[in-house]
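Here the structure comes first, spelled out in structure tokens, and everything after it is commentary.
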Amino acid sequence: MSLSEAFPLLVLAVSLGTGVVIFFLAERRHRLRSALNLGGATLKLVLVGVMLWGVFGQQHYETRYELLPGIDFALRADALGMLFITLSAVLWLLTTLYAIGYLEGSPHRSRFFGFFSLCITATTGIALAGNLLTFFLFYELLTLSTYPLVVHRGTDKALHAGKIYLAYTQAGGAVLLVGIAWLYSLAGNVEFTQGGVLSQFPPGHHAALATIFVLLIAGLGVKAALVPLHGWLPAAMAAPAPVSALLHAVAVVKAGAFGIVRVVYNVYGIEFAADLGLLVPLAIVACVTILYGSLRALVQDDLKKRLAFSTVSQVSYIIVGVAVFGPIGTIGGLVHLVHQGIMKVTLFFCAGNLAETLGVHHVSEMNGVGRRMPWTMAAFTVAAFGLIGVPPMAGFISKWYLGLGALAAHMPWVLGVLVASSLLNAAYLLPILHAAWFKPQEGPWPVETPRGRFETDWRLLGPPLVTALLTVGAGLLAAMPFSPLDWAKLIAAREYLR
């Protein structure tokens, strides 16, 4: 096996090996566990960087094994997968550092970080999957590895959230499996192909293929939190803050959205999906989700739940970009996959800092918190402006291209949804900023952790400051080579200019 053939397995093995070793560490070996976590995350980021450069230079990376006659286990690095895996690798390192600080002194840390690493392994496998069956195997592994993280606290609330999470995701997985099995019976081993493997499918079976598309999108739509399949996401906020950040920015919701992108572009093909009349209904569902999530966020006093409903809304921007026929909308949707990740992980890091340092869990408790934790709230402010779409933040770039794409596709109503969503984003985020920066503190904080050298533990403060800088940098440097926008343009060009 050549190095290029082994490389996808090597990238996968780094986080898998880290997780397996950590499972067997005694709780008292916290220094070794932290070193393994950070070392594994750093090594994975380096390997992903090497592979990213190789893919940019047209290097071919593929690992393939035959499981059954005509059914292969395939890992392959392409431009779309590298966009997702690079985001995952960068945020895994930052979230690992954050989680080490957040869980300092907590019980069951070896179990937590073991499943944490398995979660990233599954996400890596989803990004590198070369066909629909391989994708499904890692997609289900993601469910199994994130469930212990959701219920980690072991409280009644956490266990109830875990039951809801399993009920939704297992049902979604079953629907997805039915769609995959039906598609395999018609088309054989469904490889992810530039332009869509079904674009070369013989005429006929259009009704069956349209029904299969609905099944696949429904199965993937659970993790992507499409309305009405989103109910698990707000409930899962019972998990610790690092898990919430992981669920919203890197792993579960992104896996669902990424799967929908794969189905549209690499299974059906954008043109064939449009010919079947599947894209406009998908755009309508995504737009309903955008507005619904924003409206529900407006009335949430629990900070993490407000951010959770914001995620319901924001992830569907990616799906809108897929469903708006044309390269400009594609660019907007794909770049938002990265931009939403760095903005949302910043907000959840900051929410965790407020909860861990001051015991603040609700918006109504945030009066004056900006004066007590200015760096945390500065990072929160940057990310909030990004989600609203204030230039020059990353979110502005996403919304600009999505809006242009909607106009180019002669779908101006999508532009109206984007404008309405931005106004709603402002309506549920700006009151938080006003309370934090301009309202006087009302009474003592629920908890007052000693300040120490910084306003909170440096491991909790560093990651949101870095991701806030990335939020600004992704907007200011959007035109630079190798930026997320540049990479999204590369993918769009390959999909539309074949």
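The numbers here are math on the coordinates, done by the rules we state, and not lab data. Keep in mind the model is a prediction, meaning the values are calculated, not measured. Because the Cβ atoms are built from the backbone with ideal geometry, glycine has one as well, and the counts that use them run over all protein chains shown.
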**Message:** Over the stretch 298-342, what is the relative contact order in percent, taking alpha-carbon pairs closer than 8 angstrom and at least six residues apart?
**Reply:** 29
**Prompt:** If you compute Cα Rg over 2.2 N^0.38 Å for the structure shown, which of (i) 0.98; (ii) 1.15; (iii) 0.92 do you land on?
**Reply:** (iii)
**Asked** Hey, which of these cross-link pairs are over 18 Å Cα-Cα: Lys304/Lys439; Lys304/Lys344; Lys254/Lys344; Lys305/Lys344; Lys157/Lys305; Lys344/Lys489?
**Response** Lys304/Lys439; Lys344/Lys489
**Request:** Mind giving me the nanometre distance, one decimal, between the label points for Ala427 and Val50, set 7 Å out from Cα along Cα→Cβ?
**Result:** 5.1
**Message:** Helix 30-56 against the longest principal axis of the chain: what's the angle in degrees, Cα atoms only, rounded to the nearest 10?
**Reply:** 40
**Request:** Go through Gly221, His160, Val417 and say which Cα lies farthest out towards the positive end of the charge dipole of the chain; charges sit on Cβ, +1 for Lys and Arg, -1 for Asp and Glu.
**Result:** His160
**Item:** Cβ-derived FRET efficiency at R0 25 Å, Ala13 paired with Gln194, nearest 0.05
**Value:** 0.40
**Fill in**
Dividing the helical contributions, -39500 (n - 2.57) per DSSP H run of n ≥ 4, by the residues of the chain yields a 222 nm value, nearest 500 deg cm²/dmol, of -24000 deg cm²/dmol
**Request:** Work out from phi, with θ = phi - 60° and the Karplus expression 6.51 cos²θ - 1.76 cosθ + 1.60, the ³J(HN,Hα) of each residue of the stretch 74-89, listed in order in whole Hz, and give x for Gly and Pro.
**Result:** 10, 10, 8, 9, 10, 4, 5, x, 5, 4, 6, 6, 5, 4, 4, 5
**Prompt:** If contacts are Cα pairs under 8 angstrom and at least 6 residues apart, what is the relative contact order of the stretch 304-498 in percent?
**Reply:** 34
**Request:** With a cut-off of 15 Å, note down the residues of the stretch 186-209 whose backbone N falls inside the zone around a label point 7 Å from the Cα of Asp72 toward its beta carbon.
**Result:** 188-194, 197
**Fill in**
Here FRET efficiency (C-beta to C-beta, Val390 to His60, R₀ 35 Å, nearest 0.05) is 0.30
**Projected label distance in nm at Leu177 and Phe201, using a 7 Å step from Cα toward the beta-carbon** = 2.2
**Request:** Rounded to the nearest 10 degrees, what's the angle between the helix 484-496 long axis and the longest principal axis of the chain, both from Cα atoms, 0 to 90?
**Result:** 20
**Message:** Compute the helix-to-body angle for 303-323: its Cα long axis versus the longest principal axis of the chain, expressed 0 to 90° and rounded to tens.
**Reply:** 20
**Complete:** Amide H neighbours of Asp72 at under 5 Å, excluding residues fewer than 5 places away on the same chain, with H built from the backbone geometry, are Leu67
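Only loop residues by DSSP count here, and only those with at most 16 other Cβ atoms within 10 Å; note down the GluC sites (Glu not before Pro) in the stretch 355-457 that meet that.
Glu442, Glu448
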**Complete:** If each part is reduced to its alpha-carbon centroid, the stretch 27-72 and the stretch 463-482 end up apart, in Å, by 24
**Request:** Find the relative contact order for the chain and round it to a whole percent, using C-alpha pairs within less than 8 Å whose residues are 6+ positions apart.
**Result:** 14
**Message:** To the nearest 20 Debye, how big is the dipole of the chain about its Cα centre, given +1 on the beta carbon of each Lys and Arg and -1 on that of each Asp and Glu?
**Reply:** 940
**Fill in**
Per the rule of 0.36 nm per residue minus the C-alpha distance, extending Val21 to Glu104 adds in nm 27.9 nm
**Asked** What's the FRET efficiency of Val447 with Arg111 using the Cβ-Cβ distance as r and R₀ = 30 Å, to the nearest 0.05?
**Response** 0.75
**Request:** Hey, can you grab everything whose amide H is under 5 Å from the amide H of Ala129? Only 5+ residues off in sequence or another chain; H modelled, so Pro and N-termini drop out.
**Result:** Arg76
**Complete:** If amide H atoms are modeled at 1.01 Å from N in the peptide plane, then the residues at a separation of 5 or more from Gly368, or on another chain, having amide H under 5 Å from its own are Ala436, Trp437, Phe438, Lys439
**Message:** When a/c reaches 1.5 or more, the comparison of a/b and b/c decides; with that in mind, is the stretch 304-498 rounded, prolate or oblate per its Cα gyration tensor?
**Reply:** prolate
**Message:** Could you give each residue of the stretch 185-195 its phi-based ³J(HN,Hα) in whole Hz, using Karplus coefficients 6.51, -1.76, 1.60 with θ = phi - 60°, and x for Gly or Pro?
**Reply:** 5, 8, 10, x, 5, 7, 7, 6, 10, 4, x
**³J(HN,Hα), Karplus 6.51/-1.76/1.60, whole Hz, each residue of the stretch 22-27, x for Gly, Pro** = 5, 3, 9, 7, 5, 4
